[in-house]
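Undergrad: Take this structure first; my questions come after.
The values are calculated or read from the model by the stated rules, or taken from the named source; none is laboratory data. Nothing here was measured: the structure is a model prediction, and the numbers come from that model. Cβ sites come from the backbone with ideal geometry, for glycine too, and all protein chains shown count toward neighbours. Note: accessible area is taken over every heavy atom of the protein model, side chains too, but ligands, DNA and RNA are not part of it. Shrake-Rupley method; radii C 1.70, N 1.55, O 1.52, S 1.80 Å.
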Amino acid sequence: MCHGDPTDFGAPMPLVSWEDFQAASPSPRYGGAPSWEISQLRIHDEDDPMPPRGLPELDDDELAILDAWFDA
């Protein structure tokens, strides 16, 4: 919802294609790591979650699908 093209709710970049996930994260906090690596971290980060607090959380099935995709 947030990382579409165009982005919404202040998301810094789209995440809709393989290329988007391979691109370096725009956040200096992550030192240019690929967006997929940051996404994998953030969906499990209790202090800085993705989706951010106030938006619906990912359920266990959604997390499992994403983790399988990241691991592939």
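Undergrad: For region 58-72, how many residues meet the condition of being part of a loop (DSSP other than H, G, I, E, B) and surrounded by 12 or more Cβ atoms within 10 Å (Cβ to Cβ)?
TA: We begin by selecting, within region 58-72, every residue part of a loop (DSSP other than H, G, I, E, B); these are 58-59, 72.
If we keep only those that are surrounded by 12 or more Cβ atoms within 10 Å (Cβ to Cβ) too, we end up with 58.
So the count comes out to 1.
Undergrad: Being more than 10 Å from the chain's Cα centre (by Cα) and exposed (fewer than 12 other Cβ atoms within 10 Å of the Cβ): is that true of residue 27 here? Show your work before the answer.
TA: Numbers: more than 10 Å from the chain's Cα centre (by Cα): yes; exposed (fewer than 12 other Cβ atoms within 10 Å of the Cβ): no.
No: the conditions fail for residue 27.
Undergrad: Just the residues that are surrounded by 10 or more Cβ atoms within 10 Å (Cβ to Cβ) and on the phi > 0 side of the Ramachandran plot, please, taken from region 6-24.
TA: Within region 6-24, 9 is the sole residue that qualifies.
Undergrad: Report whether or not residue 42 is basic (Lys, Arg), open to solvent by less than 60 Å² (accessible area, probe 1.4 Å), free of Cβ contacts under 8 Å to residues at least 24 places away in the same chain and out of contact with any helix residue (DSSP H, G or I) (no Cβ under 8 Å at 6 or more places or on another chain). Spell out how you get there, then give the answer.
TA: On the way: basic (Lys, Arg): yes; open to solvent by less than 60 Å² (accessible area, probe 1.4 Å): yes; free of Cβ contacts under 8 Å to residues at least 24 places away in the same chain: yes; out of contact with any helix residue (DSSP H, G or I) (no Cβ under 8 Å at 6 or more places or on another chain): yes.
Judged against the criteria, residue 42 is a match.
Undergrad: From 62, 57, which residue is out of contact with any strand residue (DSSP E or B) (no Cβ under 7 Å at 6 or more places or on another chain) and modelled with pLDDT of 95 or more?
TA: On the way: 57 fails: modelled with pLDDT of 95 or more.
When all the criteria are applied, what remains is 62.
Undergrad: Moving to a separate point now. Determine whether residue 50 is crowded, with 16+ Cβ neighbours inside 10 Å, part of a loop (DSSP other than H, G, I, E, B) and modelled with pLDDT under 95.
TA: Numbers: crowded, with 16+ Cβ neighbours inside 10 Å: yes; part of a loop (DSSP other than H, G, I, E, B): yes; modelled with pLDDT under 95: yes.
Judged against the criteria, residue 50 is a match.
Undergrad: Can you find even one residue in region 25-36 that is touching an Asp or Glu at 6+ places or on another chain (Cβ under 7 Å) and either in contact (Cβ under 8 Å) with a residue 40 or more places away in the chain or not aliphatic (A, V, I, L, M) (or both)?
TA: Within region 25-36, the first condition is being touching an Asp or Glu at 6+ places or on another chain (Cβ under 7 Å), and the residues that meet it are 35.
Those still in the list that are either in contact (Cβ under 8 Å) with a residue 40 or more places away in the chain or not aliphatic (A, V, I, L, M) (or both) too: 35.
Yes, there is a match, as at least one residue in region 25-36 is touching an Asp or Glu at 6+ places or on another chain (Cβ under 7 Å) and either in contact (Cβ under 8 Å) with a residue 40 or more places away in the chain or not aliphatic (A, V, I, L, M) (or both).
Undergrad: Can you find a residue in region 18-34 that is at pLDDT below 95, among the basic types (Lys, Arg) and assigned to a helix (DSSP H, G or I)?
TA: yes
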